[in-house]
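The values are calculated or read from the model by the stated rules, or taken from the named source; none is laboratory data. All values reported here derive from a predicted model rather than from experimental measurement. Glycine also receives a Cβ, built like all others from the backbone with ideal geometry; neighbour counts cover every protein chain displayed. Protein only, heavy atoms only, side chains kept; ligands, DNA and RNA dropped before computing areas. Shrake-Rupley method; radii C 1.70, N 1.55, O 1.52, S 1.80 Å.
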Amino acid sequence: MTTIRGFERIASAFDPMEVGLAVTALEGAGYIAITPGLRINQVIPHSSLALGPIPILVPQADAETARALLRSIQTGSMEVLDHQAPDPEEDEIELPEDRSAWSKVLDVLGFGIAGVSHPRDRLSIDGKAQRQGEDER
């Protein structure tokens, strides 16, 4: 795991596009976000599973609020205060649904038979439960 003094990992993803979107949202909200390993993942994308997920780091003082921002974006519960009223004629954008249980079962079977697995396709936001599990080790 990457550690940079004064920064804390708040999320990670295998897909550089997911990381880029999350960093753009964080920077748009005024956070400083760094992504060690993003460039090497873009240079050799065929090795992304071997290199592991790309972490998103923010200053430790901003970690909890940055996590909350990413969670609100991911769940669709974010409210924009200085926003114009939506145009009723525009189509609404639907958020991607979580993969179904059947899809996950097929993924495990595919990995067992062929040794290849579908990479995680969503941003994984670190939380208190995950950090507590790391502290117990």
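Being crowded, with 19+ Cβ neighbours inside 10 Å, touching a Pro at 6+ places or on another chain (Cβ under 8 Å) and touching a residue at least 40 places away in the same chain (Cβ under 8 Å) narrows it down to one of 13, 22, so name that one. If you could, list the steps in order and put the result at the bottom.
On the way: 22 fails: touching a Pro at 6+ places or on another chain (Cβ under 8 Å).
It is 13.
Which ones in the range 33-57 are outside any loop (DSSP other than H, G, I, E, B), touching a Pro at 6+ places or on another chain (Cβ under 8 Å) and open to solvent by less than 60 Å² (accessible area, probe 1.4 Å)? Selection gives 38, 41, 48, 54, 55, 57.
Criterion first (modelled with pLDDT under 80, in a helix (DSSP H, G or I) and at negative phi) does residue 131 satisfy it?
Values: modelled with pLDDT under 80: yes; in a helix (DSSP H, G or I): yes; at negative phi: yes.
When the stated conditions are applied, residue 131 passes them.
How about the range 1-32: which of its residues are closer than 15 Å to residue 71 by Cβ and either among the β-branched types (Val, Ile, Thr) or in a loop (DSSP other than H, G, I, E, B) (or both)? Matches in the range 1-32: 10, 29, 31. Quick one: is residue 96 closer than 30 Å to residue 111 by Cβ, assigned to a loop (DSSP other than H, G, I, E, B) and at pLDDT 85 or above? No. For the range 39-64, a tally of residues being in contact (Cβ under 8 Å) with a residue 12 or more places away in the chain and either among the hydroxyl-bearing types (Ser, Thr, Tyr) or farther than 18 Å from residue 126 by Cα (or both) returns 6.
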